[in-house]
Structure formats: C-alpha cells, structure tokens
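Input: a single structure, listed below in structure tokens.
The values are calculated or read from the model by the stated rules, or taken from the named source; none is laboratory data. Not measured: the values here are computed from a predicted model. When we count neighbours, we look across all protein chains shown, and the Cβ atoms used for this are built from the backbone with ideal geometry, even at glycine. To get the accessible areas, we keep the full protein, side chains included, count just its heavy atoms, and leave off ligands, DNA and RNA. Shrake-Rupley method; radii C 1.70, N 1.55, O 1.52, S 1.80 Å.
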Amino acid sequence: MCVSRYYQVAEHRFCVRGDESCFSLMANYQPFACADGEALFSLAISSGEAPEFTEELRQDDVEQMIVCGHTAAGDAVFGFVWDGATAGWLVCSADYHAGRLITTGQYTKLAIDNALMILFALATADKRTALFHAAVVSHQGRGYMFLGPSGTGKSTHARLWLRYIEGTELVNDDNPVVRVGQDGVATVFGSPWSGKTPCYRNLSYPLGGVVLLSQAPYNKIQRLGALQAYAALVPSISGKRWDARIADGLHATENALAMQVPVWHLECLPDEAAAQLCKGEINGER
C-alpha cells in the first residue's frame, strides 16, 4: 500500500510517497519527520522500466556515477549507477517540485538518497539555500564548516576538533545545508545525508565560519577576501549549473555567504596542532 510521509530539512518540507519497503530503508530521515502540510517538493517511489531519455552528461564519483539527461517532453532525468549496476532513475518536473523515482531492485537505498538530495538541492536553489559537500562541527553555539575535494581530509579535521577541542560536536559529516535568512544571517543545518559516517542530526547553528582545507607538510591559515571566498565555496555546492534558474539562485546564495561569512584557507597536517591553529584563528585567539 502506498503511503505519504513528510520531512523537513533546513525548514523546507517535502513529501515522499511509497510503500513500507521504501520507508524501511529511510531510518536516517526519521529525525526530520514532520507533520503533514504544504510541501516544497514531492517524490513518488515505485519500481519499473527505464524511461526513454537523451543523455546530456555523466558525473563520476567514487564508486558511483550519475547520468543526466532529459525526456522528449523536457523532463529532467538522472540515472544512478553504483559499482556498474543501475539503481534507478529520477524523472523530474521542469521546476523540480515533483519527481518520480523508478527503482530496479538493486541499491534501492542509494537511489532514494540520491533522488532526494538532487530534488532538495534543485528545488531550494532559488530559496537562498545550498546543499554542501562538507563536514561541519559545532563549538560554542556556532557551526563551522570544512570544505575541500574528496580525500582532502574534511572528516579527519572534524574528528581532530572532536578529539582535542572541548565542547565540539559533529553536526554532519558530508552533506550539511546552509540557508541565508531574509535578515542576511546564514544558518547551517544537519541533514539526512551524511556519507560514510552516520550522523543524521536535526540541528542548526549560526554559521560562524568556513574553512577550505588543503593537505600540506605544515600548518598555515589565512583569511580569504570576498572574491577568493566565493571561488572557495562554489566547488562544494551541489546544483545543476547549466540550468539558468538554478545557477542564478546558487550565485545569489554564494555571493551572500562570501560577503557575510568569514572564510579561511587552512594548509595543514592531520594533527592536533592544525585543529588548535584553526580554532584559535576562528576565535580570534592568535
């Protein structure tokens, strides 16, 4: 039997429709469950055959690939491939407010998570909201986000804070959400998506700063100017940038963050001294 359940992330409500076998794979969404109501977007999940679509490009990541395209009617299509096997296809309306996920029976949870991340990122792109690829910790009432390409050491640096800096907590290890309010204040939120470390916390903090990480044989940190900060933020934000509406929305959010949130570049070793240096600079202790 098909049922509907509602969730809220970064104050954006969405609806998922499917049978109980789908929801049995969605324990990570339970902390974000909310009351029924008007939803920004909805996702219907079912099994079926592959849709006919024209491929536009492929995005390769570690162990997985996303095939992007469109149907003859103009609907966006995203195919999810994991370890060589297709997990499913997400077919979206033009405004990304409605989607249907067609699953194959393989890697179904991967397909559900990817479909909801994509819908969330695209439906909220013009609402001063951005889904980041980052690790984020909280300390003294603020959230601090660590950016960098895969393998840079975002999770490692977050763990160094947890180990050596008293009062630190992990908010999200891979996919936090940042939203800029009408007052210009940026808030970082936990999400149901967190990579290899299971951290699905429905928490939010004022965003106190962003740190771009680079591996180095030494520890050095410097504050970035607005233009450098903007360039540091863009690669870590999810979005379909060849869509003008999405690109314009993300640009507005990125610009607001670069102008209002302090951004640093930390060249570092994976050691306690790097975490202490970073914390000291952020708190103005140096």
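Summary table
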| read-out | value |
| --- | --- |
| Between 0 and 90°, nearest 10: helix 108-123 axis offset from the chain longest Cα axis | 70 degrees |
| Where Rh is the Kirkwood radius over Cα pairs, Rg/Rh for the chain | 0.98 |
| Amide H contacts of SER191 (H built 1.01 Å from N, under 5 Å, at least 5 apart or other chain) | ARG201 |
| Förster-model FRET efficiency, 30 Å R0, ASP126 and TYR218, C-beta, rounded to 0.05 | 0.10 |
| Top of TYR200, TYR107, TYR218 by mean-square fluctuation, Gaussian network on the chain, Cα under 10 Å | TYR218 |
| Average accessible surface area per residue within region 1-125, 1.4 Å rolling probe, Å² | 46 Å² |
| FRET efficiency estimate (nearest 0.05) - Cβ-Cβ, ARG142 to HIS70, R0 45 angstrom | 0.60 |
| Cα-based Lys pair tally, the chain, threshold under 21 Å, eight or more apart or on separate chains | 6 |
| Within the accessible area of the chain (1.4 Å probe), percent carbon and sulfur | 49 percent |
| Principal-axis tilt of helix 154-164 within the chain, Cα atoms, nearest 10 degrees | 50 degrees |
| Amide N of region 96-125 lying under 17 Å from the label point, which is placed 7 angstrom from the Cα of SER21 along Cα→Cβ | 101-113 |
| On Cα atoms only, tilt of 272-282 relative to the major axis of the chain in degrees | 90 degrees |
| Size of electric dipole in the chain: Cβ of Lys, Arg +1 and of Asp, Glu -1, about Cα centre, debye, nearest 20 | 660 debye |
| Separation of the ALA273 and THR54 label points, Cα + 7 Å toward Cβ, nm | 5.7 nm |
| Local electrostatic count, GLY88, Cβ distance below 12 Å [Lys/Arg +1, Asp/Glu -1] | 0 |
| Selected from GLY151, GLY143, GLY69 as most flexible by GNM, with the chain as the system and alpha-carbon contacts under 10 Å | GLY151 |
| Accessible surface, region 179-227, averaged per residue in Å² (probe 1.4 Å) | 52 Å² |
